[in-house]
1. Suppose we keep only residues that are farther than 25 Å from residue 193 by Cα, outside any helix (DSSP H, G or I) and open to solvent by 60 Å² or more (accessible area, probe 1.4 Å) within region 96-140. Which one would you say is farthest from the ligand (Cβ to nearest atom)?
2. Out of everything in region 164-179 that is open to solvent by less than 30 Å² (accessible area, probe 1.4 Å) and more than 10 Å from the ligand (Cβ to nearest atom), what residue ends up being farthest from residue 21 (Cα to Cα)?
3. What about residue 93, is it open to solvent by 30 Å² or more (accessible area, probe 1.4 Å), within 16 Å of the ligand (Cβ to nearest atom) and either touching a strand residue (DSSP E or B) at 6+ places or on another chain (Cβ under 6 Å) or among the small types (Gly, Ala, Ser) (or both)?
4. With respect to residue 237, determine if the residue is open to solvent by less than 20 Å² (accessible area, probe 1.4 Å), modelled with pLDDT of 95 or more and not aromatic (Phe, Trp, Tyr).
5. Anything in region 180-207 that is near the ligand (Cβ under 7 Å from one of its atoms) and either at pLDDT below 95 or of a type in the set (A, V, I, L, M, F, W, C) (or both)? List them, or say none.
6. Here is a check on your reading of the model: is residue 224 surrounded by fewer than 17 Cβ atoms within 10 Å (Cβ to Cβ) and within 14 Å of the ligand (Cβ to nearest atom)?
7. Can you find, within region 19-51, the residue that is nearest to the ligand (Cβ to nearest atom) among those that are out of contact with any helix residue (DSSP H, G or I) (no Cβ under 9 Å at 6 or more places or on another chain) and acidic (Asp, Glu)?
Amino acid sequence: MLIDLTGRTAIVTGGSEGLGKAIAARFARSGANVVVLARRENVLDETVRDIRRDAVGRVVGHACDVTDSGRVDEVFAAIAAEFGAVDILVNNAGSSNRSPFEELTRASMIADMDLKLFAAVDLAQKVVPGMKERRWGRIINVVSANGKAPKAASAPTTLSRAAGITLTKVMSQELAPWNILVNALCVGVIKSGQWERRHRRDAPDMPFEKYLEPHARPVPLGRFGEPEEFANVACFLASDAASYVTGTAINVDGGLCPVT
Ligand SMILES: NC(=O)c1ccc[n+]([C@@H]2O[C@H](COP(=O)([O-])OP(=O)(O)OC[C@H]3O[C@@H](n4cnc5c(N)ncnc54)[C@H](OP(=O)(O)O)[C@@H]3O)[C@@H](O)[C@H]2O)c1
């Protein structure tokens, strides 16, 4: 399906690597102006240069920790000055954070919620008023399929992911009258910066694909997802083609999650 996002402006948080980078690139190739947010400026700059090579729309990066509300305010002022309205928000910034129950700390649970839930709320509250005015908006919350089917030692991540799925439903119900569609995408195992880092940490001498094999075994499709496969679904949800889809949490996981 050819998706056209010409004339739309999108923000992708955590867009400098992995799934966020693939989404930002897919949006930019589909004609959208794209604002990429992430903390490390050097990685961000390189990503923006990469994405611009095939972009149809404009692509800019802003170094921003999405949990730093002061910095988020500054970045939103810059986005408003450069692009005006924001049509599409992808809350994707995140990192893996899990420990056995008896080792869970209040501090790590709060930090996880701060990044994966509270930041998503803050950013959405900034874009919703403009979306309401124009009666068009798309908000995509990237979560983990484990938020639907948690396993042992998967908190705090699965706690904030379950909350993210609930938040998606709540927002979709409230914002539907303004044609603002809110959906979650539930990741299974998809190749990304975090998997490359784990590989470098755990088994740098092993070929990357070999390292992934045991993690791919439980996946019915028998393999990791490619970030581009994930970005295709995000691009559909961000487009006019998804005009009757809201309030869902779609698994993009090769069939891994037992819960639909
Ligand atoms: N890949 C998977 O198999 C998988 C599985 C389950 C869930 N997920 C979720 O999917 C999303 C994307 O994951 P990924 O695998 O693509 O991860 P990744 O390759 O590690 O990329 C994470 C991105 O988020 C940014 N980021 C992290 N903390 C941030 C913060 N506080 N403020 C702004 N940006 C921040 C990182 O850049 P900086 O570090 O420079 O800020 C980077 O651009 C995450 O929410 C992750 O939890 C992924």
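1. Ranking the qualifying residues of region 96-140, first place goes to 135.
2. Filtering region 164-179 for residues that are open to solvent by less than 30 Å² (accessible area, probe 1.4 Å) and more than 10 Å from the ligand (Cβ to nearest atom), the one farthest from residue 21 (Cα to Cα) comes out as 175.
3. No; evaluated as a whole, the condition is false for this residue.
4. yes
5. Once the filter is applied, which keeps residues that are near the ligand (Cβ under 7 Å from one of its atoms) and either at pLDDT below 95 or of a type in the set (A, V, I, L, M, F, W, C) (or both), region 180-207 yields 187, 189, 190, 195.
6. no
7. The qualifying residue nearest to the ligand (Cβ to nearest atom) is 41.
The values are calculated or read from the model by the stated rules, or taken from the named source; none is laboratory data. Small disclaimer: the values here were computed from a predicted structure and weren't measured. Cβ: placed from backbone, ideal geometry, glycine included. Neighbour counts: every protein chain shown. Accessible surface is based on the protein model in full, side chains and every heavy atom, while ligands, DNA and RNA are left aside. Shrake-Rupley method; radii C 1.70, N 1.55, O 1.52, S 1.80 Å.
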